[in-house]
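Participant: Here's a structure for you.
The values are calculated or read from the model by the stated rules, or taken from the named source; none is laboratory data. Since we're looking at a predicted model, the values are computed, not measured. Note: ideal-geometry Cβ built from the backbone for every residue, glycine included; neighbour counts use all protein chains shown.
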Amino acid sequence: MKYNIKRNGDLPVLYDSGNIVKRTSWRNSEIQVAGMLHLTPTYVANVVKQVTGSTAGDCISEILIRKAKSLLRTSTLSVQEISDRLGFQNQSHFGTFFRRSVGVGPKAFRTGGE
């Protein structure tokens, strides 16, 4: 399997013959992504840093926040269901992560707070 890293906005996106590589959980960051690509975590981290100027962990966090915001805005899923979909251990961890990144909790964001 051959993967390419392309820019999509400010984030690298992994492509497999033109199809975005899909994951149900991004929580173990570079190690999972590297394993999925059959590459070392160090190599993945270096390539992501070179392409984006950000760490792989920061890019993965940004992907999670974008996905969470999208789901909160456009779906009727509960915060618990969104937390599960994004691979968080529990809703509390998701809420803390979201609040630190966005400045408000997921429920407040959904009701118009950003």
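Participant: Only one of 65, 82, 5 is modelled with pLDDT of 85 or more, at negative phi and touching a Leu at 6+ places or on another chain (Cβ under 7 Å). Can you tell me which?
Facilitator: Matching residue, one of 65, 82, 5: 82.
Participant: Return yes or no: is residue 89 surrounded by fewer than 16 Cβ atoms within 10 Å (Cβ to Cβ), in contact with a helix residue (DSSP H, G or I) (Cβ under 8 Å, 6 or more places away or on another chain) and either in contact (Cβ under 8 Å) with a residue 40 or more places away in the chain or part of a helix (DSSP H, G or I) (or both)?
Facilitator: No.
Participant: Please go through region 92-114 and pick out each residue that is buried (at least 17 other Cβ atoms within 10 Å of the Cβ) and over 15 Å from residue 71 (Cα atoms).
Facilitator: Listed by number, the list holds a single entry, 97.
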